[in-house]
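Down below is the structure, laid out as structure tokens.
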Amino acid sequence: MNMGAKKFSIRARILSFKYAFRGLGHLLREEHNSWIYVAIIVLVIPLSIILKLSLTEWALVCLSIGIVISAEIFNTVIERVSDKVSPKFDPVIGKIKDLGAAAVLVTAIATAVVGLIIFLPKILAL
């Protein structure tokens, strides 16, 4: 089977997961905001089990969590690359970093709304 110029390698696939998990480790060790997300996830998952979320609700919760964490990772990448490219203050780089932070904020707000829509009625019904 010809997979193009690069030969398919199980070892390369395994290494790609290793690097991805290493990236998550960097995020958790170095980005304080990620600790807030982890704390929220630690609360949301047991609450989801206790409140017996439907499959659709679980899917929305998981997707929301993934989107916020991904946005935080992309924002961290933007910040790190920006700092490497322009170690001194640059107003354009500042705007770029602000936009990255805004993306995280928008996803966090949207996730909070999803959480309220799913959890609030269930909690009020108790």
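What follows draws every value from the coordinates through simple rules; no lab data is involved. Just so it is clear, the structure is predicted and the values come from calculations on it, not from any experiment. Methodologically, a virtual Cβ is constructed for each residue, glycine included, from the backbone with ideal geometry; neighbour enumeration extends over all protein chains shown.
A DSSP coil position with no more than 12 other Cβ atoms inside 10 Å describes the following trypsin sites (Lys or Arg not before Pro) in the range 50-126: LYS52, LYS88. Straight-line reach from LYS122: taking Cα to Cα under 15 Å and skipping same-chain neighbours fewer than 8 places apart, the aspartates and glutamates in range are GLU57. When you restrict to C-alpha pairs under 8 Å that are six or more residues apart and normalise by the size of the chain, the relative contact order lands at 27 percent.
Relative to the longest principal axis of the Cα atoms of the chain, the long axis of helix 10-30 lies at roughly 70 degrees.
Share of Cα-Cα pairs in the range 32-124 beyond 15 Å, in percent?
Working: 2716 of 4278 pairs.
Considering the range 32-124, 63 percent of its Cα-Cα pairs are separated by more than 15 Å.
Would you mind pulling out the separation of the Cα centroids of the range 35-74 and the range 106-126, in Å? That distance is 11 Å. For the listed peptides 101-108, 64-71, 12-19, a ranking on the average number of other beta carbons within 10 Å per residue, highest first, reads 64-71, 101-108, 12-19. Counting only alpha carbon atoms, the long axis of helix 91-124 and the longest principal axis of the chain meet at about 20°.
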